[in-house]
Every structure is written in structure tokens, then in C-alpha cells.
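The block underneath contains the structure these notes are about, expressed in C-alpha cells.
None of the figures in this text is laboratory data; all of them are computed from the coordinates on show. Keep in mind the model is a prediction, meaning the values are calculated, not measured. Note that we place each Cβ from the backbone using ideal geometry, even for glycine, and neighbour counts take in every protein chain shown.
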Amino acid sequence: MLIEQAFFSLPEVLHGTGYQSQSYESGIVSALTLSLLQVLNGRNVPNPIGCLQSERLYRSDGIYQQGGNPRYLRADLFADINRLFVANKRLSQYGWRHHLWLECKFLRGQAGAEGNQHAGNKSPATGSILADLLRLALLIPETANKTHSSRYFLHVYDADPKFYLTFRGRPWCKSLVSVGEQEIHVSGLEDEPAAVKRLIGDLPGLDVRLKVTNFHAGPLHVQHRPVYWCWLTRIDKVDASLARHTVSIDADRTITQSEDGLAEIAAFLAARLAILPESPDTQPPRPDEQEAAQQADEVVPAGIED
């Protein structure tokens, strides 16, 4: 719920007088972080910056399967809001969770000077967005039978998303930029073109269904560029299968899975996702980073169970 509040201040942080303009994806994450800090400050949270971590490892040691090679996959932003002490079962019905995980994509510079031309090659954008959705759905560690995590995808465009996304043959793209509750179904990934597989890897047999809620903050007119279409997608439910492995993370936080279903699917995905050269995903964690991630993983949030 705090991410949603921060999201609707994003246009102010991106365009307001006195704020720096942003041209890169990291700048969009920083803008949302600033907005989230304002939300936390408004609640008088002590040391609010201590709640936030950028480039948070999905696994503190990079290991998704015993004996496997480490993959240092990271989320763009992580927030631990356990210290607010407001959570309970009633509030959780509105999507409140103690741990907030966020991935971000910033699509710009390919829709022409007036933002009214289709990008020449939409596959890279489609593939990178799909990779982030799969990361959020399946890589967040779950050690109990109820999740304590929210999954958010922030996607910002410098033109109408139709100029960047491929709607034909991919109905999930249309669902991603439609306001309100939507369903996203991803399957047959082995049939994706090579340009998409370069980003998601080869994922034969993986079937993922998501129930999401989309929030939108966009312009009323476009006379003064740059202008941004801001979308926030909250993943409320996950159903995934891979051969005999299945996992369901329901809207009521309940996790149902076959034996080690989530771990097996996460290991399959993590081993195949592409890693861009020189990205943080290529860097092993520093000792202090690994220690902090391990400590956070060991903390069991209190409140929602009350």
C-alpha cells in the first residue's frame, strides 16, 4: 500500500520544479525511492532510509539449488516496513505486506520526437518486461506457508505503451497496461523469437498465470515533452507449473505447492534468465551485503498473523 502511495507522487518527482530530470532506469527507481521516503517520513518512521535497499539479492548467496552455480539476481528495490507495526489480517486484505519487492523498466527514446511512432524493434522491450515479471513471481524466497511479500512492477514509458509493446499474439501485454484487476497468462515461451529468448532464456514447459492490479498515472495532454506514462503493476496471485512441479501464491497469502515446487521452478528460471554484461546481477555480494540479506531473510515479520 505504501508503494501505491509513493507511485502517485511520481509525476511530481519526475517533472516538478526543483527536481532533476531523469533519463535512465536507475533514475526512475531513485525517483520512486524519494517518493517512498516522503511517505515513510510522513508516518514518522525512525531512520526511514534504513527500511530501503536497492539491488537486493533474491538469494543472499546466489544459490537456488544445492550444487548449482550461483546466480546473483537482484531486485531493483526492496523495502522492509515491519517496523510500522500497523499490520493485521484485516489490513492484509488490501494488499499490505511487510516486505515490498519492486522491479522497474523505463522505455524511452524509440517512439520518435513526438512520441507517436512505433519502436522499430519491440522484442527487447517485451523480453525485458517479461523477465522482470517472472523474477517477481517466482524468485522471491518463501520459507513459510504464507507469504510476507508484495510484488510490484513499475514500468514507465515516454509515449503511449502501444508504441513499445507487442499486443498482437501477446494478450498479456495488453493486460499489463489496462487499469484495474487483470489476468496475465504466459506460456509457450520456448516458441518466443531469439530476440526475446536472449533476455528470458529458454524456458520450455513453464506456465505462469498472474492476477494483477494495475495503477496508472498519465498525462492529460502532451504539449510539453518529455512526458511519461507511469504504470504500477501489483501481482496479487501467482499460479505456476513446470512439469510435475506446481506452486500457487494466493491473494490471501496462502502458499500451496507440490514438494519443493517453488524451489524447483525458481532454480529452473534462475539458471536460464539472461544477465546483461556489467549489470549488478554479475557481481557477487560484498560480505556486508550478504550479511544484511541473510539477517533480513531470517527475520519473521509479526503482525499480520495477529
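In terms of its alpha-carbon gyration tensor, the range 212-289 comes out oblate; a/c meets the 1.5 threshold, while b/c is at least as large as a/b.
How large is the translational diffusion coefficient of the range 68-224 in µm² per second when you combine the Kirkwood radius over alpha carbon pairs with Stokes-Einstein at 10 °C and 1.306 mPa s?
91
At 0.36 nm per residue, and after removing the present C-alpha to C-alpha distance, how many nm does the segment from Ile275 to Asn69 gain when stretched out fully?
72.8 nm
A Förster radius of 25 Å, combined with the Cβ-Cβ distance separating Phe8 from Arg83, puts the computed FRET efficiency at roughly 0.60.
In whole angstrom, how far apart do the alpha carbon centroids of the range 181-250 and the range 256-279 sit? So the two Cα centres are separated by 16 Å.
Segment Ala243..Lys211, full-extension length gain: 9.4 nm, with 0.36 nm per residue of separation and the alpha-carbon distance subtracted.
With equal scatterers on the alpha carbons only and no solvent term, can you work out the Debye log10 of I(q)/I(0) for the chain at 0.08, 0.09 1/Å? Those come out to -0.34, -0.43, one per q.
For the range 30-59, the list of trypsin sites (Lys or Arg not before Pro) that fall in a loop by DSSP and count at most 13 other C-beta atoms within 10 angstrom reads Arg43. In plain terms, the C-alpha convex hull of the range 154-306 casts an average shadow of 12.9 nm² when viewed from every direction. Using θ = phi - 60° in the Karplus curve 6.51 cos²θ - 1.76 cosθ + 1.60, the 3J(HN,Hα) couplings for the range 193-206 round to x, 4, 5, 7, 4, 4, 9, 9, x, 9, 10, x, x, 7 Hz; x is entered for Gly and Pro.
Direction-averaged shadow area of the convex hull around the Cα atoms of the range 175-252, nm²? Numbers along the way, then the final one.
Values: hull surface 28.6 nm².
The number I arrive at for the range 175-252 is 7.2 nm².
Membrane-span-like helices of the chain, defined as complete DSSP H segments with a Cα extent of 24 Å or more along the helix axis and a mean Kyte hydropathy of at least 1.0, are identified as 25-42. A convex hull fitted around the alpha carbon atoms of the range 57-111 yields 167 Å³ per residue.
In terms of distances greater than 28 angstrom between alpha carbons, the cross-link table entries Lys146/Lys174; Lys146/Lys197; Lys122/Lys146; Lys89/Lys162; Lys197/Lys237 yield Lys146/Lys174; Lys146/Lys197; Lys122/Lys146; Lys89/Lys162.
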